[in-house]
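A.B. asks: Before anything else, here's the structure in question.
The values are calculated or read from the model by the stated rules, or taken from the named source; none is laboratory data. Keep in mind it's a predicted model, so treat the numbers as computed, not measured. Neighbour counts are summed over all protein chains in view; Cβ atoms, including those assigned to glycine, are modelled from backbone coordinates with ideal geometry. For accessibility, only protein heavy atoms count, side chains too; no ligands or nucleic acids. Shrake-Rupley method; radii C 1.70, N 1.55, O 1.52, S 1.80 Å.
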Amino acid sequence: MKKMDRLSVGLFLVSSLFALPVPQMAQTGDRVWNFDGDAAGKLPEGFTSALTGRGTIGQWVVMKEATAPSQPNVLAQTSQDKTDYRFPIAIAEGTSYKDLALSVRFKAISGKVDQGAGLVFRLKDKDNYYIVRANALEDNFRLYHVVNGRRIQFAGANFKVTSQEWHEIKVEARGDEFKCSYDGQLKFSAKDSTFKDAGKIGVWTKADSVIYFDDLTVKELSGSALTALGGKIYAQRLVDQLAAKHPELVRIGMHVTPPNKPDNVIIACNVPERIGRKSDPEDLKAMKTGQAVVLKEEGNFDVTLPLHDAAGKTIGAVGLTFKPHAGEQDADAARRARAMAREIEKQIASMGELFQPRSQS
C-alpha cells in the first residue's frame with residue numbers, strides 16, 4: 001500500500017471513531033411535536049406508519065387546521081377503511097421511554113364504525129405495546145395492552161367524549177403503575193407488568209376514525225433514560241467488575257444524579273430492574289453526612305456509603321448488600337464495605353465519566 005493510501009485509511013478510521021454515536025441522556029429527554037415545521041401532505045419527519053390488525057395501512061398526513069391548538073398544522077389520520085379490527089399507528093422513531101408522562105391533543109372528526117384516538121407507549125413493534133384511548137362513539141376511556149396483535153383491556157372509565165372538539169389524553173407510567181387523565185382530570189389508575197422495558201411512543205386510531213392530533217408531548221420521568229441504555233455506561237462496567245470480584249455481594253447499587261435531572265437515582269446495579277429507581281433516604285443521608293449508613297436486610301448487611309471520584313470528591317452514593325461474617329458488627333461491616341467501594345472509586349476520574357459509553361476492554 002502506498003504511503004498516501006495508508007494515511008488516507010488512517011484518517012478515515014480516526015474520523016469514523018469520532019462519528020460513532022454516543023449514548024446521551026437527552027436522546028430520550030422531554031420533547032414536543034406540534035408538526036408546525038413539517039411539510040403538509042405527508043408524514044412528519046421522524047415518524048413511520050404501521051398497522052395492527054387487518055385492513056389497509058393508515059393515511060397519516062400533516063395538514064393545516066384553523067382550530068389547531070398550536071397553529072398552523074396538525075397530524076391527521078384520514079383513511080376511512082371500515083375494517084373493525086384495524087388500528088393505524090404513527091410511530092415516533094428513535095424514541096425510547098419506560099417511565100414517562102405522555103399526552104396529546106386530539107379532535108375526532110368522523111367515523112361510523114369508531115371515533116377512537118389514542119397514545120401508544122413502550123412499543124416494541126406494531127403488535128406489542130400499551131395503548132390508552134378515548135372513543136367519541138362509545139363515550140369511554142380505556143387502557144389496553146396489545147400482545148402479539150391481540151388487544152386486551154385492563155382498565156377504563158365511562159364518560160362523555162365529544163367529537164368536533166379538542167380534548168387531551170394523558171398517561172403517566174412508572175414501573176407497573178399507570179395514571180390516565182382526560183382533559184386534565186385523573187380518570188383511573190391501574191397496574192400491569194406486561195411490558196417492563198422502554199419502548200417507542202406514537203399516536204393511534206381505530207377502523208374508519210378520522211382524527212386530528214396536535215402537541216404530542218412526552219416528559220421522561222426520572223431514570224428511564226438510564227434503563228433504556230441497558231447498562232451500556234461506564235458506571236455499569238464498574239459495578240459488574242466489583243460483582244465478579246466479590247461473589248459475596250448480593251446487591252450493588254450506584255446512586256448519582258444524572259446530568260440535567262433533579263433526582264438522585266440508581267444509575268448502575270447488578271439487579272437490572274432497579275436501574276432508574278429513585279434513591280432511598282439512607283442513600284441521600286450517606287451523601288449528605290459523609291458517613292456510612294448500616295442496616296440489616298433479610299439477614300444481610302445493607303451498607304450505604306458516599307461515593308467519591310479518584311480525587312476524593314463526593315459524587316453520589318454506593319449501596320452494598322452482603323452476607324455477614326461470623327460475629328461481624330456494624331462498624332466491621334462499614335469498614336468492609338468501604339474497602340470494596342474504594343476499588344471502584346479509584347477508577348472514576350469524574351462524575352461525568354460514569355455516563356460515558358461502556359468500554360468493552
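A.B. asks: When ligands, DNA and RNA are left out and all protein chains stay put, how many square angstrom of accessible area per residue does the chain have with a 1.4 Å probe?
C.D. replies: 47
A.B. asks: Calculate the length of the line joining the C-alpha centroid of region 231-246 to that of region 37-52, in whole Å.
C.D. replies: First find each Cα centre; the distance between them is then 41 Å.
A.B. asks: OK, next. Just to be sure I understand: if I project the alpha-carbon convex hull of the chain onto a plane and average over all orientations, what area do I get in nm²?
C.D. replies: Here the figure is 24.1 nm², rounded to one decimal.
A.B. asks: Peptides 107-120, 163-176, 186-199: what's the order by average Cβ count within 10 Å, highest mean first?
C.D. replies: Result, highest mean first: 107-120, 163-176, 186-199.
A.B. asks: What figure in square angstrom, to the nearest 10, would you give for the accessible area of Thr78 with a 1.4 Å probe?
C.D. replies: Surface open to solvent at Thr78 totals about 50 Å².
A.B. asks: For Lys346 and Asp332, compute 0.36 nm times the residue count separating them, minus their Cα-Cα distance, and round to one decimal in nm.
C.D. replies: 2.9 nm
A.B. asks: Residue-wise, which Karplus ³J(HN,Hα) couplings in Hz belong to region 154-165, taking 6.51 cos²θ - 1.76 cosθ + 1.60, θ = phi - 60°, and x for glycine or proline?
C.D. replies: Karplus-based 3J(HN,Hα) across region 154-165 equals 10, 6, x, 8, 10, 6, 5, 10, 8, 8, 6, 9 Hz.
A.B. asks: Suppose accessible area is computed on protein heavy atoms with a 1.4 Å probe; arrange Asp183, Asp240, Asp302 from highest to lowest.
C.D. replies: Sorted descending by solvent-accessible area, the residues read Asp183, Asp240, Asp302.
A.B. asks: What percent do you get for the relative contact order of the chain when only Cα pairs under 8 Å and 6+ apart count?
C.D. replies: Once normalised by length, the contact order is 16 percent.
A.B. asks: Could you size up the charge dipole of region 228-354 around its Cα centre, putting +1 on the beta carbon of Lys and Arg and -1 on that of Asp and Glu, and report it in debye to the nearest 20?
C.D. replies: In debye, rounded to 20, region 228-354 gives about 280.
A.B. asks: What is the extension gain from Ser193 to Asp125, computed as 0.36 nm multiplied by their sequence separation minus the C-alpha to C-alpha distance, in nm to one decimal?
C.D. replies: 22.8 nm
A.B. asks: For the chain, what % of the accessible area comes from carbon and sulfur atoms, probe 1.4 Å?
C.D. replies: About 51 percent, which is the carbon plus sulfur part of the accessible surface.
A.B. asks: To make sure I understand the rule: partners must be aspartates and glutamates, Cα under 18 Å from the Cα of Lys170, and not fewer than 8 residues away in the same chain. Which ones qualify?
C.D. replies: Within the straight-line limit of under 18 Å, Lys170 reaches these aspartates and glutamates: Asp30, Asp99, Asp139, Asp183, Asp192, Asp214, Asp215, Glu220.
A.B. asks: Please give the helix 330-345 orientation as an angle from the longest Cα principal axis of the chain, in degrees from 0 to 90, rounded to the nearest 10.
C.D. replies: For helix 330-345, the angle is close to 70 degrees.
A.B. asks: Run through region 248-311 and list the GluC sites (Glu not before Pro) located in a DSSP loop whose Cβ has at most 10 other Cβ atoms within 10 Å.
C.D. replies: Here the sparse-neighbourhood loop sites are Glu298.
A.B. asks: Holding the Cα-Cα limit at 27 Å, pick out from Lys112/Lys200; Lys112/Lys160; Lys245/Lys346; Lys196/Lys285 the pairs that are longer than that.
C.D. replies: Violating the 27 Å Cα-Cα cut-off are Lys112/Lys200; Lys196/Lys285.
A.B. asks: If you filter region 250-319 for trypsin sites (Lys or Arg not before Pro), then keep DSSP loop positions with at most 13 other Cβ within 10 Å, what is left?
C.D. replies: The qualifying sites are Lys313.
A.B. asks: Moving on. How far is helix 3-19 tilted, in degrees, relative to the longest principal axis of the Cα atoms in the chain, given as a value from 0 to 90 rounded to the nearest 10?
C.D. replies: That helix lies at roughly 80 degrees to the long axis.
A.B. asks: Tally Lys/Arg at +1 and Asp/Glu at -1 over every other residue whose Cβ is under 13 Å from the Cβ of Met351; what's the total?
C.D. replies: Here the charged neighbours net out to -1.
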